[in-house]
1. Please state the shape class of the range 1-115: rounded when a/c is under 1.5, otherwise prolate if a/b exceeds b/c and oblate if not, all from the C-alpha gyration tensor.
2. Amide H to amide H, which residues 5 or more places from Tyr125 or on other chains are under 5 Å from it, using H placed in the peptide plane?
3. Mind scanning Lys2/Lys41; Lys34/Lys152; Lys114/Lys137 and naming the pairs with a C-alpha gap bigger than 18 Å?
4. Quick one: helix 102-116 against the long Cα principal axis of the chain, what's the angle to the nearest 10°, folded into 0 to 90?
5. Mind putting a number on the dipole of the chain about its Cα centre? Charges go on the C-beta only, +1 for Lys and Arg and -1 for Asp and Glu, and I need it in Debye to the nearest 20.
6. What FRET efficiency do you get for Val12 and Gln193 if R0 is 22 Å and r is their Cβ-Cβ distance, rounded to the nearest 0.05?
7. Can you list the HN-Hα couplings for the range 302-307, worked out from phi with the Karplus curve (6.51, -1.76, 1.60; θ = phi - 60°), rounded to whole Hz and with x for Gly and Pro?
8. Connecting C-alpha atoms closer than 10 Å in a GNM of the chain, tell me which of Ile47, Ile313, Ile18 has the biggest fluctuation.
Amino acid sequence: MKQRNLGNIGTVVSAVGIGGMSFSDFYGPTNTEKSHAILCKALDLGIDHIDTSNVYGQGVSEERIGSFLKDQGHHKNDFFKIATKAAITRDKDGRRHFDNSFSHLQAELDKSLKRLGIEQIELFYIHRRDPNCPIEKVTQTLAEFVKSGKIKQFGFSEIAPASLQLAAAIHPVGAVQSEYSLSTRSPEMGLVQRTRDLGTSLVAFSPIGRSLLTDDPHSFEKCQSIDFLKNNPRFLKPNYDHNIAATDRFRLLAKEMGHKTASLAIAWLLHQGEHILPIPGTRSVSHLEELAAGADISLSESDLQAIENCLPIGWAHGDRYSVAQWVGPERYC
């Protein structure tokens, strides 16, 4: 597995990581045994960047990673560079909101460390910005966590390039996490460039378009059984049918080039910048092998142009989030 820098402190990780949302039931039922199988295969493939969150299954993802690490005995700290997140919470009435206060983040960080069974997090993200807390203030909080030794570096999920600039003026930011793929290219309108210029990693989640950029995209019926997708504009008719038709062209191109569709999608993303790190999630060992294979594909300029011709920027039908799903991420274009 090829490697890249994660952040700007010299941490080296696999070019392709794993998104730990798939270790919870977010995209369908799973269990500890299946999650451990994925982590075991990751070790075989040389994948050592694992990204999770305190809210993935309300701690379940972290617990499953933690139990796998516990099984490795005294070598548990040698296998993975772990990133996790905090700041999404609910009030007493069950309504979701975002808390960037020192007390909340410190408490959630301690809980994550306990669930994971480790003493230090490689990268700790603010999962969502609290609009009432200036980013400079939360950056100072995160810098304190670095000084305490509980985290090595920090980042933000789904923030605008301008917000990154403000945070970086206080302390170097290790990474910004954003949805980025052939189907979601808004990061190219400032975030790709700003992260590169600041020496910040751009960690790309949903790099295969929530299954659209694979050989076996979710059926419409399957989408209706997944809470997130059944309300997502790209997976509602008629957008769903248009998007399947569009990505059929990409599936054909991948076959002609001799690659699995997911592998080619990952390869394209890695070719967009050395500071870009995709973190696809999966519940399938064979699918993980396809995703990892993307790191070994070298694309020529003519290959990249063929992909661009097949799926030109802006091809996707429907917004990437519904109105409710857009609460939290920062729009900047």
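1. prolate
2. Long-range HN contacts for Tyr125: Thr84, Lys85, Ala86, Gly155.
3. Too far apart for the 18 Å limit: Lys34/Lys152; Lys114/Lys137.
4. So the inclination is approximately 70 degrees.
5. Approximately 580 debye in magnitude.
6. Efficiency, from the Cβ-Cβ distance: 0.40.
7. 5, 5, 4, 5, 5, 5
8. Taking springs between Cα atoms under 10 Å, the residue moving most is Ile313.
We did not get these values from a lab; they are worked out from the coordinates using the rules stated. Here the structure is a predicted model, which is why all the values come from computation and not from measurement. Please note: Cβ atoms are built from the backbone with ideal geometry, for glycine as well, and neighbour counts cover all protein chains shown.
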